[in-house]
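Worksheet for the structure shown next.
The values are calculated or read from the model by the stated rules, or taken from the named source; none is laboratory data. Keep in mind that what you see is a predicted model, and the values were worked out from it rather than measured. Cβ coordinates were reconstructed from backbone atoms using ideal geometry, including for glycine residues, and neighbour counts include every protein chain displayed.
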Amino acid sequence: MQSEKLAELKKEANRLPLTPGVYLMYDKSGEIIYIGKAKALKNRVTQYFGKGTAHTEKVRQMVYNVDRFEYILCDSEFEALILENSLIKQHKPKYNILLKDDKGYHYIKITNERWPKLVTAMQKENDKAEYIGPYYSSYVVKDTVDETRKIFALPDCNRSFDKPTKPCLNYHLGLCDAPCKGNTTLAEYKENLRAAVRFIKSGAGEMKEILTQKMLKASDNLDFEYAAKLRDRINAIGSLADKQKVVMCSYPAEDVFCAAYLGEKACISLFVFRNSKLVDKKHFFVEGIAEKSELYSEVLARYYDNKSDIPPRILLDVLPSSIEPLSRWLFEKAGKKVNILVPQKGEQLKILKMCEKNAFENMAHEASLTGKAVSALNELADLLGLKTTPRIIESYDISNMAGDANVAGMVVFHDGKPYKPHYRKFTIKSFMGQDDFRSLNEVLDRRFSEYEKGEDPGFSTLPDLILLDGGKGQLSAVLPILEKHNITVPIFGMVKDNHHKTRAITDGKGEIEIKAVRGAYTLVTNIQDEVHRFAISFHKSKRSKNMLKSSLTSIPGVGNKTAANLLKAFKSIKKIKSASLEELKAAKGVSSAAAESVFNYYNSNN
């Protein structure tokens, strides 16, 4: 039924004109579930309903739920963008990007208690506490509180300080004066807190002058311990100023966006610079848009739709797909030209890379990974031109010795790390001798046959990427197998140098240099080393068993099957030698005659 519906919808889509417009997708209940714009309606809408189209999972779900669609013709792509924004704001469709931007205010709070604390707060309460603010940015509030606590060695815990207790790690790291330890009076604590509040309100310059005067006075009074404490605070303020210089730019105002992918999910980090300073950091998670250029088109349109503070510069690592109508729309909203740029060098590129690193870290935190792992997977996807970042990677290698004990190993990496429960071993069955191409052909055929059966958990999921240990010949051997099973997984070969080290990746047509892309190179090298280790260890195990079998088959009356059954029952030749006749006869698949022959062979000299 679903295929019939798709055919019907595609037939309707083929009747659409090749002109700009907006399309609205409805489900069976009549609810609008997606709104999009297009430069050519027919081309865009028919893409949704084509057979075998490589959609993301989110788009597949949306298409599955489409019952009908409507469209509105526009005079230009720019007009379509404006109408699309208006309709999305009105209907809030389920499958459109709806960025949640916290527009609430934030405060710095000095709690009303015997030992007041410096904390962050989302709103003012009627609790007689002191509030500093409001601030628009939660990042500014949190960063200010964190840095102020460090400079003035204020506690960040909820302990009571009336009774002395053992101090926490922050005291030993020099980050807290530990009033809990009992060596700070309440008056001294409150004086220090007042200095911290003054620092927040007046800024670093004025506070450094005040602290310097106090330090000199303490020194004159021979209170060297207090003077040293003030000196450390002055140095901490100076370090904070140096840190802030790192996140300053030479342009008064700009926004910086960068995306990191993991599978079909993207994390977009945003740096907001105003008065040449980083004043805010945000991040958003988005699913279902595989192309980064399309992602930025959608995100910028959604983000700036309700914004009045649009900067004259927007930095990205890839230009949006609809840059002309988007630039015009931003110009009309901002009342000034807004430049969308991809920096290539210097300070601006460093800022973009810093934003990119934050996107990797935020995505890594969301997925309980490391930023390096997410970065490496994104690098690999970019290097190979993959539509999505590969979360599941399968790799294959053949191992034999002059055709003897011909085996293959399959390893699986999930989110950049080995996933051993899904490793699989293959013994080559279709021929004897040495032929890596035929071996890989057999292995991939068996692997995808198992996928079609859906019985083995290790084979029931298709990978996002396949890497073969080898080059063009290995790829040519397995491509017909992928076609036979209608598998569209990207597949590449890992090419080694003369020292058996990873040198490049091949798509069968040419080689892709990889050493310069450090994260991707390390990941691919780890995969190639691991699949080689796994295949060769299986080969050695197989050869060892074959040698043991050979030593048993030299005994009269013992063939390959009996030898295999003996090894299965006793695990080693040593245990077979020491077994009693009754134990040998009790072994499954071993006849009485064979048992006697084995027993006599090993015990004839006793």
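Residue-by-condition table, conditions (1) in contact with a Cys (Cβ under 9 Å, 6 or more places away or on another chain); (2) surrounded by 13 or more Cβ atoms within 10 Å (Cβ to Cβ); (3) closer than 30 Å to Cys267 by Cα; (4) assigned by TED's automatic domain parsing to the domain that holds Asn306:
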site: Asn85; (1), (2), (3), (4): no, yes, yes, no
site: Asn96; (1), (2), (3), (4): no, yes, yes, no
site: Ala129; (1), (2), (3), (4): no, yes, no, no
site: Val141; (1), (2), (3), (4): no, yes, yes, no
site: Lys163; (1), (2), (3), (4): yes, no, no, no
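Hey, among Ala520, Ala587, Ala579, Ala569, which residue is out of contact with any helix residue (DSSP H, G or I) (no Cβ under 8 Å at 6 or more places or on another chain), more than 22 Å from Asp436 (Cα to Cα) and at pLDDT 85 or above?
Checking each option against the conditions leaves just Ala569.
Which condition number does Leu352 fail, the rest of (1) closer than 27 Å to Thr388 by Cβ; (2) free of Cβ contacts under 8 Å to residues at least 12 places away in the same chain being met?
(2)
Take the residues in the range 338-354 that are assigned to a loop (DSSP other than H, G, I, E, B) and hydrophobic (A, V, I, L, M, F, W, C), then tell me which one is surrounded by the most Cβ atoms within 10 Å (Cβ to Cβ).
Val338
Any residue in the range 62-76 that is farther than 19 Å from Lys11 by Cβ and modelled with pLDDT of 90 or more sitting within a Cβ distance under 6 Å of a residue that is small (Gly, Ala, Ser) and surrounded by 14 or more Cβ atoms within 10 Å (Cβ to Cβ)? List the pairs, counting only those 6 or more apart or interchain.
Here the result reads Ile72/Gly21; Leu73/Gly21; Cys74/Gly21; Cys74/Ala80, each pair linking the range 62-76 to a residue that is small (Gly, Ala, Ser) and surrounded by 14 or more Cβ atoms within 10 Å (Cβ to Cβ).
Would you check which residues across the range 379-398 are buried (at least 24 other Cβ atoms within 10 Å of the Cβ) and over 16 Å from Gly493 (Cα atoms) and list them?
Thr389
Could you give me the residue pairs with C-beta distances under 7 Å whose first residue belongs to the range 290-308 and is among the polar types (S, T, N, Q), whose second residue is not in a helix (DSSP H, G or I) wherever it lies, and which are 6+ apart or on separate chains?
Hits for this filter: Ser293/Val318; Ser293/Leu319; Ser293/Pro320; Ser293/Ser321; Ser297/Pro320; Ser297/Ser321; Ser297/Ser322.
When you look at Val407, is it more than 18 Å from Gly519 (Cβ to Cβ), modelled with pLDDT of 95 or more and in the same structural domain as Asp507 (by TED's automatic domain parsing), yes or no?
no
Which one is modelled with the highest pLDDT among residues in the range 305-324 that are surrounded by 21 or more Cβ atoms within 10 Å (Cβ to Cβ) and closer than 19 Å to Asn96 by Cα?
Selected residue: Pro320.
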